[in-house]
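The values are calculated or read from the model by the stated rules, or taken from the named source; none is laboratory data. Model, not experiment: these values are computed from the prediction. Virtual Cβ from ideal backbone geometry, glycine too; neighbours counted across all protein chains shown.
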Amino acid sequence: MRLTNNAFPTTQRHWLTASLLLLLTLLSTALHADTNVRASVDRNRLSMDETLTLSLTADSMLFSDEPEVAALENDFHILNRQQSSRTNIINGSISSSRQWDLTLAPKREGEITIPAIRMGDKSTRPLTITVTRAPQGTANRSSDQQVWLEADITPRRAYVQQQLEYTVRLFSSVNFLDASLEQPEIEHALVESLGENRYRQRVDGRVYQVIERRYAVFPQRSGSLSIPALTLQARVESYRPSLLDPGRLVIKRSPPMEIQVQAPPASFDGALWLPAKNIELFEEWSDDPEQLQAGQSITRRVDIRAEGLMAAQLPKLPPLNLPGIKLYPDQPGLQNTTDESGLIGLRSESTAMIPTQPGDYTLPELRIAWWNTETNQPEVAVLPARTLRIAAAPGQIQDEAT
């Protein structure tokens, strides 16, 4: 006899379904209540150039909650995450587990605590590991290395708000399958990218591909400035590459650095502290300022160009006051560009002028005091005064003649 859905009354079928769902819910709840969670590491001592594996385990494959691992990123780079489940049958007894394996690279040296990891309504116990300095020479050039990082910053002693040039070079003699290099984050400093260069360089008879990144760093307070190490995470071709080979994991770090930042010298008496390699003032006119007539509109643009400063650091120009000329200032324009010497800041201020009466009008001299970081001396950028001789409009001449 064939069994059909009509073999049980509808009410009985609903009762059976509800009972099964309740049983499964109670079973899952009971399993979660009895589930233990734990954390373990494959090593508790490593160097800055090494990684460790943190394993988070729940003693039930039915455990459905994900570990909350965001707090790990305070002290570690999370390079890889894998998840697996296991079931064991021993002498008729069944056990299962669910496990998360995380590959971690430390961000700093010293004693580091892996915090308690929340897993559902349970937490693992915290673990403590020791991270030591990378072995001597691994952060610098070595003839038997395939990948390494170099870093430099100039000058090593500077003034507050002065531009420093921070350069990071990645040397590699192998192909990258995947790579990621941190961007510098420096406390109490502003960082602006100056671009990237790629080239080849021969080192100890071996040719390396070099990726060079340059940054402008502007310290915002005097005292000691720490430049932390940058971390490279990469996978490179294995010694025996194959289509299924994910490559070898490589972790490299640039050397950390520290420089001293000085306060502005007492001998500087400018209104605004401007440490730069050079500052210049320029003006440009929309028409010939020597051929102006009353009622004729003309626009004057004044540029402040500074080598080694951002445009936002440059001062506003003093307002003009010229009775007999209507003035319509525009919003200032700010622009940052780069060259081999670093960042160049440009502030442009434009003013439309309409003289209403003929006569002579003098635009005052503009002066900006600044500090020359090349000569370590105060200087002044000057735009000389200019006299505008406004001729009468043809109609005005005719009216006067009559």
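Summary table below
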{"read-out": "Residue list for segment 345-359, filter: assigned to a strand (DSSP E or B) and polar (S, T, N, Q)", "value": "S348, S350, T351"}
{"read-out": "Every residue from segment 253-305 that is of a type in the set (S, T, N, Q), over 14 Å from A369 (Cβ atoms) and part of a loop (DSSP other than H, G, I, E, B)", "value": "S254, S286, Q291, Q296, S297"}
{"read-out": "P265 being over 23 Å from the mean Cα position of the chain (by Cα) and either surrounded by 12 or more Cβ atoms within 10 Å (Cβ to Cβ) or without any contact (Cβ under 8 Å) to a residue 40 or more places away in the chain (or both)", "value": "yes"}
{"read-out": "Filter pass, M61 being modelled with pLDDT under 85, hydrophobic (A, V, I, L, M, F, W, C) and under 24 Å from V131 (Cβ atoms)", "value": "no"}
{"read-out": "From the options E374, E379, residue that is within 37 Å of the chain's Cα centre (by Cα), surrounded by fewer than 18 Cβ atoms within 10 Å (Cβ to Cβ), of a type in the set (D, E) and not in a strand (DSSP E or B)", "value": "E374"}
{"read-out": "Hits in segment 271-320 (condition: touching a residue at least 24 places away in the same chain (Cβ under 8 Å) and charged (D, E, K, R))", "value": "K277, E280, E283, E290, R300, R301, D303, R305, E307, K316"}
{"read-out": "Criterion (modelled with pLDDT of 85 or more and surrounded by 13 or more Cβ atoms within 10 Å (Cβ to Cβ)) met by exactly one of R13, R45, R38", "value": "R38"}
{"read-out": "Whichever residue in segment 179-232 is of a type in the set (S, T, N, Q), in contact (Cβ under 8 Å) with a residue 40 or more places away in the chain and assigned to a strand (DSSP E or B) and, among such residues, is surrounded by the most Cβ atoms within 10 Å (Cβ to Cβ)", "value": "T231"}
{"read-out": "Extreme residue, nearest to Y215 (Cα to Cα), among residues of segment 313-354 that are of a type in the set (G, A, S) and modelled with pLDDT under 95", "value": "G342"}
{"read-out": "Breaking point among (1) charged (D, E, K, R); (2) modelled with pLDDT of 90 or more; (3) in contact with a Phe, Trp or Tyr (Cβ under 9 Å, 6 or more places away or on another chain), for R202", "value": "(2)"}
{"read-out": "Candidate set from segment 317-371 (those that are under 15 Å from E283 (Cα atoms) and out of contact with any strand residue (DSSP E or B) (no Cβ under 7 Å at 6 or more places or on another chain)); member that is surrounded by the fewest Cβ atoms within 10 Å (Cβ to Cβ)", "value": "P318"}
{"read-out": "Inter-residue pairs, beta-carbon under 8 Å, first in contact (Cβ under 8 Å) with a residue 12 or more places away in the chain and surrounded by 15 or more Cβ atoms within 10 Å (Cβ to Cβ) and in segment 146-159, second β-branched (V, I, T) and assigned to a loop (DSSP other than H, G, I, E, B), 6+ apart", "value": "Q146/V174; V147/V174; W148/T138; A158/T373; Y159/T373"}
{"read-out": "Test: L170 is hydrophobic (A, V, I, L, M, F, W, C), over 30 Å from W371 (Cα atoms), at pLDDT 90 or above and assigned to a strand (DSSP E or B)", "value": "yes"}
